[in-house]
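Novice: Mind having a look at this structure? Questions to follow.
The values are calculated or read from the model by the stated rules, or taken from the named source; none is laboratory data. Predicted model only: the values in this text are computed from it and were never measured. Note: ideal-geometry Cβ built from the backbone for every residue, glycine included; neighbour counts use all protein chains shown.
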Amino acid sequence: MSTSESLPLVVIACKVFQGLLEAYLPEDVAASTTFKDYGLHRVPSKLTWSVQDEIDRIEQPSLILLGYGLCGNGLRGVKSRQHTLVIPRADDCIAILLGSREAYLEEFESEPGTYYLTKGWLESGSDPLKEYNEYLETYGQEEALWLMDQQYQHYKRLVLVAHSRADLDAFRSQAQAVAKFCERWDMHYEEKLGSDRFIARLVEIASSLDKDDKDFLIVPPGGEIRQEDFIGG
């Protein structure tokens with residue numbers, strides 16, 4: 001199934017994938033492209049209605065490429081309406097940035113107590129150091145540290161993951177400041193250079209749905225994104 005011969009292509013994605021998607025999508029192939037703010041992930045219900053609102057605005061039946069993972073169930077319950085949705089079958093952006101679910105699982109098995117930092121999280125101010133400063137302002141130091149301990153004491157590794165060395169270089173100092181704070185819990189700091197494989201395959205499948213595989217979910221018209229569709233595969 002070729003989008004050029006059937007359905008117009010529409011892209012709705014997180015801004016963390018903007019550079020990658022723009023690199024792989026030929027110019028003028030998409031009828032429209034929307035990159036949503038990273039901060040929506042902080043409240044999954046906001047992500048749900050924001051993505052649904054974008055879908056509901058599209059009047060003509062379209063093939064919609066969703067540049068998201070399940071994202072804390074933020075996409076659960078999103079309805080395709082008259083459209084066809086194509087989505088990476090990934091829990092969150094980390095698997096997509098690493099290049100595959102397998103790469104993510106390898107990292108998880110190697111060190112399950114890992115907290116990941118990404119360009120998106122750092123730019124949206126969503127990291128342990130930022131969170132501590134917010135608590136500090138509201139509750140004072142003793143209560144703020146207690147709250148942080150409850151959330152992060154079981155993590156053992158802090159990893160900055162990016163899809164390019166340029167992004168690693170650009171966000172290293174910010175990530176290292178977070179890592180310094182996280183030494184409170186004996187976290188050690190690492191950097192991982194990800195892969196563009198997941199995004200490249202997503203664009204390839206959007207151009208021809210018969211190239212679909214277990215790493216991607218296709219939701220037909222009248223369908224709905226379900227949590228169980230992201231399990232196994």
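Novice: When you scan the stretch 175-185, do you find a residue that is surrounded by fewer than 16 Cβ atoms within 10 Å (Cβ to Cβ), among the aliphatic types (A, V, I, L, M) and assigned by TED's automatic domain parsing to the domain that holds ASN133, even just one?
Specialist: yes
Novice: So how many residues does the stretch 118-150 have that are aromatic (Phe, Trp, Tyr) and within 19 Å of CYS71 (Cβ to Cβ)?
Specialist: 1
Novice: Please state which of the following conditions PRO8 fails to meet, knowing it meets all the rest: (1) within 18 Å of the chain's Cα centre (by Cα); (2) in contact (Cβ under 8 Å) with a residue 12 or more places away in the chain.
Specialist: Exception for PRO8: condition (1).
Novice: Now for a separate question. Take the residues in the stretch 217-233 that are surrounded by 12 or more Cβ atoms within 10 Å (Cβ to Cβ) and modelled with pLDDT under 90, then tell me which one is farthest from the chain's Cα centre (by Cα).
Specialist: So, considering only residues that are surrounded by 12 or more Cβ atoms within 10 Å (Cβ to Cβ) and modelled with pLDDT under 90, the one farthest from the chain's Cα centre (by Cα) is GLY233.
Novice: Sticking with this one: Does any residue in the stretch 34-60 that is free of Cβ contacts under 8 Å to residues at least 40 places away in the same chain come within less than 7 Å, Cβ to Cβ, of a residue that is small (Gly, Ala, Ser) and part of a helix (DSSP H, G or I) six or more places away or on a different chain, and which pairs are these?
Specialist: LYS36/SER50; LEU40/SER50
Novice: A further question on this structure: Surrounded by fewer than 17 Cβ atoms within 10 Å (Cβ to Cβ), more than 13 Å from the chain's Cα centre (by Cα) and within 21 Å of LEU202 (Cα to Cα) - does that describe any residue in the stretch 54-66? Before the answer, list the steps.
Specialist: Step one: list which residues in the stretch 54-66 are surrounded by fewer than 17 Cβ atoms within 10 Å (Cβ to Cβ), which gives 56-57, 59-61.
Of the ones still in play, those that are also more than 13 Å from the chain's Cα centre (by Cα) are 56-57, 59-61.
Applying the additional criterion that residues be within 21 Å of LEU202 (Cα to Cα) yields 61.
Looking for residues that are surrounded by fewer than 17 Cβ atoms within 10 Å (Cβ to Cβ), more than 13 Å from the chain's Cα centre (by Cα) and within 21 Å of LEU202 (Cα to Cα), one finds at least one in the stretch 54-66, hence yes.
Novice: Related question: Does the stretch 187-201 hold any residues that are touching a residue at least 40 places away in the same chain (Cβ under 8 Å) and not small (Gly, Ala, Ser), and which are they?
Specialist: Matches in the stretch 187-201: MET187, LYS192, ASP196, ARG197, PHE198, ILE199.
Novice: Here is a further query. Of all the helices (runs of 4 or more DSSP H) wholly in the stretch 77-152, which have at least 1 residues that are modelled with pLDDT of 95 or more?
Specialist: Details: elements: 93-98, 101-110, 119-123, 128-139, 141-152.
Of the helices (runs of 4 or more DSSP H) lying wholly inside the stretch 77-152, those with at least 1 residues that are modelled with pLDDT of 95 or more span 128-139, 141-152.
Novice: Can you say whether ALA177 is more than 15 Å from THR118 (Cβ to Cβ) and assigned to a helix (DSSP H, G or I), as far as the supplied structure shows?
Specialist: It is true that ALA177 is more than 15 Å from THR118 (Cβ to Cβ) and assigned to a helix (DSSP H, G or I).
Novice: While we're on this one: Give all pairs with beta carbons closer than 8 Å in which a residue from the stretch 84-110 that is without any contact (Cβ under 8 Å) to a residue 40 or more places away in the chain meets a residue that is assigned to a strand (DSSP E or B); count only pairs at least 6 apart in sequence or on separate chains.
Specialist: Note: pairs meeting the criteria are PHE108/THR114.
Novice: So, of the residues in the stretch 183-215 that are modelled with pLDDT of 90 or more and in a strand (DSSP E or B), which turns out to be farthest from HIS154 (Cα to Cα)?
Specialist: Looking at residues that are modelled with pLDDT of 90 or more and in a strand (DSSP E or B), I get LEU193.
Novice: Being of a type in the set (A, V, I, L, M), surrounded by 17 or more Cβ atoms within 10 Å (Cβ to Cβ) and closer than 21 Å to ILE225 by Cα, is that true of even one residue in the stretch 32-48?
Specialist: Yes, the conditions are met somewhere in the stretch 32-48.
Novice: I'm checking my understanding of the structure. Among residues of the stretch 2-47 that are farther than 22 Å from SER208 by Cα and of a type in the set (Ser, Thr, Tyr), which one is modelled with the lowest pLDDT?
Specialist: If we take residues in the stretch 2-47 being farther than 22 Å from SER208 by Cα and of a type in the set (Ser, Thr, Tyr), then TYR38 is modelled with the lowest pLDDT.
Novice: Residues that are within 20 Å of VAL16 (Cβ to Cβ) and not small (Gly, Ala, Ser): does the stretch 131-153 have at least one? Steps first, please.
Specialist: Start the filter on the stretch 131-153 by keeping residues that are within 20 Å of VAL16 (Cβ to Cβ), which leaves 131.
Adding the requirement that they be not small (Gly, Ala, Ser) leaves 131.
Checked the stretch 131-153: at least one residue is within 20 Å of VAL16 (Cβ to Cβ) and not small (Gly, Ala, Ser).
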